Amino acid sequence: MLGSTHGTLTTDFRARVEACGDTPRTAVHSTAAPSATGAGAGAGDALDVSGRPLHADVPDLDRFFRPESVAVVGASDAEGRPNTGITRQLIAWAERVGARLHPVHPTRSTVFGLPCHASVADLPEPVDLAVLLVGDPLPVIEELAEAKVKFAVAFASGFAETGEEGAAAQDRLSAAVKRSGLRLLGPNTNLNAFQPFRDDLDGPAIALITQSGHQGRPVYALQELGIRLSHWAPTGNEADLESADFISYFAEQPEVGAIACYVEGLKDGRSFLLAADRAARNGVPIVAVKVGRTETGARMAASHTGKLTGADTVVDAALRQFGVIRVDGLDELQDTAALLARARRPRADGVVVYSISGGTGAHFSDLATEAGLHLPTLSQAKQDELHQWIPDYLGVANPVDNGGHPVGDWRGRKIIDAILADPAVGVLICPITGPFPPMSDKLAQDLVDAAEETDKLICVVWGSPVGTEDAYRTTLLGSSRVATFRTFGNCITAVRAYLGHHRFTTGYRSPFDDAPRTPSPSYRKAQALMRPGQQLSEHAAKQLLRAYGIRVPREQLVTSAAAAVRAAGLVGYPVVMKASGPQLAHKTELGLVKVGLTSASQIRDAYRELTDIARYENVPLDGILVCQMVERGVEMVVGVTQDALFGPTVTVGLGGVLVEVLRDAAVRVPPFGEDQARAMLTELRGHALLEGVRGAPPADVDALVEVVLRVQRMALELGDELSELDINPLMVLPRGQGAVALDALAICR
């Protein structure tokens with residue numbers, strides 16, 4: 001029986017973890033709703049143990065989007081001037097929202113017939129919003145602060161997007177805004193926030209956030225298809241207001257059914273996750289295009305916005321962790337956001353594909369199944385029912401092939417109603433690859449009529465490249481209950497996101513509620529082991545693991561061959577001998593590991609060989625480790641790295657000497673709970689190894705999850721003090737026997 005620092009594993013996971021007194025979960029649990037106070041308010045319970053905020057700051061942006069009074073600084077009506085067109089658009093917008101507009105210009109008495117004021121100080125009333133049409137907004141900020149202006153928009157470019165000098169100018173602008181107390185949108189933004197929105201559309205709306213204004217045009221155009229848009233926030237360089245602020249605000253607006261984002265760089269990772277958490281609490285889906293998947297894309301994003309994009313693997317994992325639906329194309333953004341904004345909660349996760357063509361049904365079903373959608377086989381009773389209207393030689397198990405003719409008469413509606421009546425069916429998808437009037441007209445109308453009478457989702461893929469047919473333009477797009485797509489791929493992407501969002505938000509519990517706020521006893525032990533700026537030896541790194549209750553082999557650090565022989569007798573043969581020193585990262589490659597030693601003579605020979613290699617390689621040692629040999633189990637890696645955006649991140653994957661070749665790992669951003677730790681394992685391509693393959697017993701997954709949570713606690717508590725941690729291999733033993741950290745590397749910041 002291998003030794004353990006935390007005793008025999010018990011059945012109850014929480015009890016087992018907390019039994020050692022260094023629980024990886026929070027010491028203080030809160031079920032209260034998050035405060036709407038600022039994230040940096042400094043209240044003790046508003047920060048986690050690492051000093052990061054636990055609550056999203058929700059700015060009151062009502063007066064930004066619906067101001068009562070607006071000042072336009074730099075207003076103009078001179079022909080041929082760029083500011084003239086902008087001023088004209090702002091006047092029209094102010095009229096639409098019912099705001100009083102005050103032009104400001106030092107040399108004009110009127111602008112477009114409106115009285116013009118020489119400076120902000122001359123404004124006749126307090127102003128909610130100031131729009132700055134000036135090349136350098138910095139000198140105006142102090143004037144706006146004195147006038148008690150709540151919000152400002154800066155269009156000017158030439159800031160962080162242009163390089164170091166511009167970034168310095170943006171820093172000065174940010175500092176001035178922070179001192180002023182007002183909130184600033186921009187710089188390097190545009191007029192998208194002041195676009196006209198249709199007010200004749202009903203139903204839940206899409207709120208749009210873009211860092212590049214042009215990229216929001218496809219979503220804005222959805223209004224022409226009858227889909228409502230409520231807000232557009234073009235965040236630009238985000239010197240002050242950022243995407244996270246608008247997400248938090250939109251998540252609280254009752255008319256918002258979904259938030260669509262085009263994101264180039266995140267200003268602050270924690271702020272974004274707190275905003276996504278708020279949206280998840282409220283059940284509001286976020287659909288996002290996040291550029292920077294490739295090195296080229298990341299470079300372009302940095303040059304355009306002047307912000308870090310972060311390691312994309314971490315960004316991708318963090319978005320999924322908090323329920324943000326990441327899509328690649330703007331067409332996917334518009335289709336997925338539109339569906340999520342308007343569709344009701346699913347009654348079931350079963351998807352039925354219904355078509356007039358066996359080939360179409362088979363093709364779509366292949367793609368849908370490959371994408372992870374659940375296409376249940378309809379019961380024999382349901383198939384018999386469908387065969388009342390569909391010839392017996394056609395397949396109706398799912399996909400349902402009607403052969404074409406039934407859609408042209410009364411049978412078409414009967415088939416649709418019968419499918420929707422199945423309690424296992426939550427979504428009906430009808431791909432129509434091309435128009436075939438009059439039957440396609442009748443099919444479209446039957447689908448629309450059925451949608452009006454069911455609470456289940458009906459989707460139609462209208463594959464005609466023309467898109468001018470009445471069945472599409474009038475019947476399908478005229479319905480607010482049918483989700484219509486133009487491609488198979490976009491339909492599948494949107495339906496998968498729809499079902500996934502509702503699975504995610506059902507019973508969602510914020511990990512920030514359970515995040516640790518006070519250090520554990522382990523933290524004090526760990527601090528004594530830290531050596532700022534240095535890499536710890538393996539022996540010291542394992543002591544760090546011990547401090548957090550992570551099991552390591554029995555071992556002794558020795559400095560002579562005779563001491564090594566005595567240590568082997570105490571540890572128990574066979575043993576492993578390894579060089580231990582603060583500069584050793586890859587001992588195997590240097591020949592500094594000897595395994596399977598079974599006698600005193602082998603111990604003495606190994607000691608001499610290890611110290612000779614270290615002298616030859618000029619590697620300083622603090623001694624030789626004589627370790628218990630652990631042979632059977634699944635080799636995993638668990639580690640901590642620092643991300644520029646999100647801070648400490650936790651990784652788990654297949655370990656051993658091939659870890660960098662296999663590259664099979666999952667990552668999470670703390671805080672996260674046991675459910676996310678288990679989800680990390682299911683994401684691994686090699687997950688089957690933990691279940692037992694080729695006669696091997698199942699691994700102790702509970703023990704592996706426990707280690708992941710303990711490493712997370714270490715990452716949170718040591719925060720910026722720990723630059724990197726690598727437990728490789730972590731030997732996960734057969735079920736019920738635990739997990740042992742056979743090697744560890746730790747680098748202090």
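For region 557-596: of the residues being more than 23 Å from Ala541 (Cβ to Cβ) and of a type in the set (A, V, I, L, M), which is surrounded by the fewest Cβ atoms within 10 Å (Cβ to Cβ)?
Ala562
Table: residues versus (1) at pLDDT 95 or above; (2) of a type outside the set (A, V, I, L, M, F, W, C); (3) more than 33 Å from the chain's Cα centre (by Cα).
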{"site": "Leu129", "(1), (2), (3)": "yes, no, no"}
{"site": "Gly135", "(1), (2), (3)": "no, yes, yes"}
{"site": "Leu144", "(1), (2), (3)": "yes, no, yes"}
{"site": "Phe151", "(1), (2), (3)": "yes, no, no"}
{"site": "Ser157", "(1), (2), (3)": "no, yes, no"}
{"site": "Ala160", "(1), (2), (3)": "no, no, no"}
{"site": "Gly163", "(1), (2), (3)": "no, yes, no"}
{"site": "Leu173", "(1), (2), (3)": "yes, no, no"}
{"site": "Val177", "(1), (2), (3)": "yes, no, no"}
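Pull out all pairs, ordered by first then second residue, where Cβ-Cβ is under 7 Å, the residues are six or more apart or on different chains, the first lies in region 411-427 and is on the phi < 0 side of the Ramachandran plot, and the second is surrounded by 17 or more Cβ atoms within 10 Å (Cβ to Cβ) and at pLDDT below 95.
What qualifies is Gly412/Pro406; Ile415/Asn402; Ile415/Pro406.
If Ile429 passes every condition in (1) buried (at least 23 other Cβ atoms within 10 Å of the Cβ); (2) touching a Leu at 6+ places or on another chain (Cβ under 9 Å); (3) farther than 17 Å from Val351 by Cβ but one, which one does it miss?
All conditions are met except number (3).
Looking at region 504-543, which of its residues are assigned to a loop (DSSP other than H, G, I, E, B) and in contact with a strand residue (DSSP E or B) (Cβ under 8 Å, 6 or more places away or on another chain)?
Passing the criteria: Arg517, Leu529, Met530, Arg531, Pro532, Gly533, Gln534, Ser537.
In the set Thr505, Thr484, Thr518, which member is surrounded by fewer than 17 Cβ atoms within 10 Å (Cβ to Cβ), β-branched (Val, Ile, Thr) and either over 16 Å from the mean Cα position of the chain (by Cα) or within 18 Å of Arg278 (Cβ to Cβ) (or both)? So that I can check it myself, show each step before the final result.
On the way: Thr505 fails: surrounded by fewer than 17 Cβ atoms within 10 Å (Cβ to Cβ); Thr484 fails: surrounded by fewer than 17 Cβ atoms within 10 Å (Cβ to Cβ).
After applying the criteria, what remains is Thr518.
Considering (1) modelled with pLDDT of 95 or more; (2) surrounded by fewer than 24 Cβ atoms within 10 Å (Cβ to Cβ), say which one Gln334 fails and leave the rest.
(2) is the only condition that Gln334 fails.
Lys267 fails exactly one of the following numbered conditions: (1) of a type in the set (D, E, K, R); (2) crowded, with 18+ Cβ neighbours inside 10 Å; (3) out of contact with any strand residue (DSSP E or B) (no Cβ under 8 Å at 6 or more places or on another chain); (4) at pLDDT 95 or above. What is the number of that condition?
(4)
Of the residues Ala368, Ala343, which single one is over 24 Å from Leu229 (Cβ atoms) and aliphatic (A, V, I, L, M)? Full working, then the answer.
On the way: Ala343 fails: over 24 Å from Leu229 (Cβ atoms).
Going through Ala368, Ala343 in turn, just one is over 24 Å from Leu229 (Cβ atoms) and aliphatic (A, V, I, L, M): Ala368.
Which of the following residues is touching a strand residue (DSSP E or B) at 6+ places or on another chain (Cβ under 6 Å) and among the basic types (Lys, Arg): Arg88, Arg100?
Arg100
Against the conditions (1) modelled with pLDDT of 95 or more; (2) among the basic types (Lys, Arg); (3) part of a helix (DSSP H, G or I), where does Arg299 fall short? Just the number, please.
Arg299 satisfies all of (1) modelled with pLDDT of 95 or more; (2) among the basic types (Lys, Arg); (3) part of a helix (DSSP H, G or I) except (1).
Quick grid of which residues meet (1) within 19 Å of Gly673 (Cα to Cα); (2) in contact with a His (Cβ under 9 Å, 6 or more places away or on another chain); (3) modelled with pLDDT under 55:
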{"site": "Val17", "(1), (2), (3)": "yes, yes, yes"}
{"site": "Ala27", "(1), (2), (3)": "yes, no, yes"}
{"site": "Ala33", "(1), (2), (3)": "yes, no, yes"}
{"site": "Thr37", "(1), (2), (3)": "no, yes, yes"}
{"site": "Pro53", "(1), (2), (3)": "yes, no, no"}
{"site": "Ala78", "(1), (2), (3)": "no, no, no"}
{"site": "Leu90", "(1), (2), (3)": "no, no, no"}
{"site": "Val104", "(1), (2), (3)": "no, yes, no"}
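Residue by residue through region 602-613, note down the ones that are surrounded by fewer than 21 Cβ atoms within 10 Å (Cβ to Cβ) and hydroxyl-bearing (Ser, Thr, Tyr).
Thr611
All but one of (1) part of a helix (DSSP H, G or I); (2) surrounded by fewer than 16 Cβ atoms within 10 Å (Cβ to Cβ); (3) small (Gly, Ala, Ser) hold for Gly361; which doesn't?
(2)
Which members of region 218-234 meet the condition of being within 19 Å of Ala343 (Cβ to Cβ) and over 22 Å from the mean Cα position of the chain (by Cα)?
Leu222, Gln223, Leu225, Gly226, Ile227, Arg228, Leu229, Ser230
Consider Ser599 against the criteria (1) at pLDDT 95 or above; (2) under 23 Å from Glu631 (Cα atoms); (3) surrounded by 16 or more Cβ atoms within 10 Å (Cβ to Cβ); (4) not aromatic (Phe, Trp, Tyr): it satisfies all of them except one. Which criterion is unmet?
(3)
The values are calculated or read from the model by the stated rules, or taken from the named source; none is laboratory data. Being a predicted model, the structure only gives us computed values, none of them experimental. Please note: Cβ atoms are built from the backbone with ideal geometry, for glycine as well, and neighbour counts cover all protein chains shown.
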